[in-house]
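Laboratory data are not the source of any read-out in this text; all were calculated from the coordinates shown. Only a predicted model underlies this, so the values are computations on that prediction, with no experimental measurement involved. Here the Cβ positions follow ideal geometry from the backbone for every residue, glycine too, while neighbour counts run over all protein chains shown.
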Amino acid sequence: MNIGIVCYPTFGGSGVVATELAKGLAQRDHNVHILSYARPARLDTFRTNISYHEVNLNTYPLFEFPPYDLALANQMVSLIEYEDIDVLHVHYAVPHATSAFLAKQIMGEKAAHVPIITTLHGTDITIVGSDPSFKEVVDFSINQSDGVTAVSEYLKKETYDRFDIRKDIKVIPNFIDLDRFKKSDKLHFKKAICPNDEKVVVHVSNFREVKRVPEVVSVFAKILENDIQAKLLLVGDGPDRQKAERRCRDLGICSEVRFLGKQENVEEILSIADLFLIPSGSETFGLAALEAMSCSVPVISSNIGGLPEVNIHGETGYLCDLDDVECMAEYGVKILGDENLHQELAQNARKRAEKFEMSGIITRYEQYYQVVREQLMERSGA
């Protein structure tokens, strides 16, 4: 098939999943065309059957903010017309699904055979989509899609609760590359960071307020208070970095905390981790937790959103109520202080991650593409 994939290029979950899906589909001999306003972070090597199309925005004095959605729709028209696209798969409802509908309207009968499949990832529903100024547009765009998927049962339910959706939503979870995300021997790296054989606690995010990065620091400080020798590695960057740095200074633990910034090969850091903290205020899936689990790292997370569908309490780690720093610290001490428990949770975490293996999930997308295409053809009488 010739598949168009539209995504944001950022380090966030939707862009990562869309790009990894594109790479997986290309390995199965599909021709994939990626549309975005910049090259996606995970599209880091040349592949013969992946084409990247940058959506260019020209600036005019008339526009304070250039109309990206219109430029994107125009690029979609070109893609459908000249690349013989079989499926247009858009990740994130706003504005991608809206632009896809506009593109099909522009092309009329020429695009009647091309299904629009919209994958909902989270903030397009829980934050952006809930803005009253977008609600009707989100309603319309999802309902006009030929197929709709969500990355978790939680997000499916949230979408139905928040919007007037008449389409069936199929849950296809995020996935993991088990060959890339696996525990590897990085003893030299760990020795450099932990010369006294300290435990390693890791957090990975975009440092937005919803990720609760200062709370990660507070949890870590309480772990240290219980005579656990450890280092905290904070991977990523964003608006709350300064707050997290200030929290380190206030608690007097800066010597035990390392801010590593954005990292491409996060699996190398996870390979030396003993514990992963993700106290987020909102997670519709929890891809960062899954990546840690795939590297055999026990996870302590908040008990919200899609996280309980990934991190199983008492099996792969533990769940705590939102902002319950004491709970997370207690479980952290429990895991880091008991080697047998740690080994059991680590093994279970990897086994759980195997249920989200990349190949199986990509097959589910391929099958869904085919089902939606056949349904569209039946409706159009083709």
Nearest-0.05 FRET efficiency for Asp161 and Val371 at R0 = 30 Å, using Cβ-Cβ distance, is 0.70
Diffusion coefficient in µm²/s returned for region 110-194 by Stokes-Einstein, Kirkwood Rh over C-alpha pairs, 10 °C and 1.306 mPa s, is 103 µm²/s
For region 170-184, in residue order, the Karplus 3J(HN,Hα) values (coefficients 6.51, -1.76, 1.60; θ = phi - 60°; whole Hz; Gly and Pro = x) are 9, 8, 10, x, 5, 9, 9, 8, 5, 6, 7, 8, 8, 5, 10
For region 169-240, the dipole about the Cα centre with charges only on Cβ (Lys and Arg +1, Asp and Glu -1), to the nearest 20 debye, works out at 280 debye
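Let's test the formula: R0 of 30 Å, r as the Cβ-Cβ distance of Gln105 and Ala38. What FRET efficiency results, to the nearest 0.05? Before the final figure, lay out each step's value.
Details: r = 27 Å, r/R0 = 0.89.
FRET efficiency, Gln105 to Ala38: 0.65.
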With DSSP loop assignment and no more than 12 other C-beta atoms within 10 Å, the trypsin sites (Lys or Arg not before Pro) in region 131-193 are Arg166
With the 8 Å Cα cutoff and a minimum separation of six or more residues, the chain has a relative contact order in percent of 14 percent
Sorting Asn31, Ile80, Asn56 by the position of each Cα along the dipole of region 1-89 (Lys, Arg +1; Asp, Glu -1; all at Cβ), the one nearest the positive end of that ordering is Asn31
Note: Cys254 to Arg28 extended length (0.36 nm per residue) minus current alpha-carbon separation gives 76.6 nm
With +1 on the Cβ of every Lys and Arg and -1 on the Cβ of every Asp and Glu, the dipole magnitude of the chain about its Cα centre, in debye rounded to the nearest 20, is 440 debye
Taking placed amide H atoms and a strict 5 Å upper bound, the residues 5 or more places from Asn174 or on another chain that come that close are none
Here P(r) for the chain, Cα-Cα distances in 10 Å bins, as whole percents, is 5, 23, 31, 23, 13, 5, 1, 0
In nm, the gap between the two label points placed 7 Å beyond Cα toward Cβ at Glu354 and Val171 is 2.2 nm
With a 23 Å threshold on alpha-carbon distance, the violating pairs from Lys182/Lys222; Lys199/Lys334; Lys183/Lys262; Lys186/Lys334 are Lys182/Lys222; Lys186/Lys334
The ³J(HN,Hα) series, computed from each phi in region 22-28 with the Karplus coefficients 6.51, -1.76 and 1.60 at θ = phi - 60°, rounded to the nearest Hz and given as x for glycine or proline, is 4, 5, x, 5, 5, 5, 9
In order over region 348-363: 3J(HN,Hα) from phi, Karplus 6.51/-1.76/1.60, θ = phi - 60°, whole Hz, x for each Gly or Pro, gives 5, 4, 5, 4, 5, 4, 5, 6, 10, 4, 4, 4, x, 6, 5, 4
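What percent do you get for the relative contact order of region 187-354 when only Cα pairs under 8 Å and 6+ apart count? Don't skip to the answer; put the middle values down first.
Values: 318 pairs, mean separation 38.3, N = 168.
Answer for region 187-354 is 23 percent.
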Of all stretches in the chain that avoid GluC sites (Glu not before Pro) placed in a DSSP loop and having at most 12 other Cβ atoms within 10 Å, the longest is 65-224
Normalised per residue, the volume inside the convex hull of the alpha-carbon atoms of region 147-232 in Å³ amounts to 156 Å³
Note on region 83-152: contact order normalised by length, alpha-carbon pairs under 8 Å, 6 or more apart, percent, works out to 40 percent
Quick calc: nm separation of the 7 Å Cα→Cβ label points for Gln343 and Leu70 -> 6.5 nm
The long-range amide H neighbours of Ala230, using H built 1.01 Å from N in the peptide plane and a cut-off of under 5 Å, are Lys199
Hits in region 83-104: amide N under 14 Å from the 7 Å Cα→Cβ extension of Leu62, namely none
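Which of rounded, prolate, oblate describes region 187-354, given a ≥ b ≥ c as roots of the alpha-carbon gyration tensor eigenvalues and a/c under 1.5 marking rounded, otherwise prolate only if a/b is larger than b/c?
It comes out rounded by the Cα gyration axes.
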Dipole check, region 128-240, charges on Cβ (K,R +1; D,E -1), about Cα centroid: among Ser184, Ala150, Ser133 the Cα furthest to the positive pole belongs to Ser184
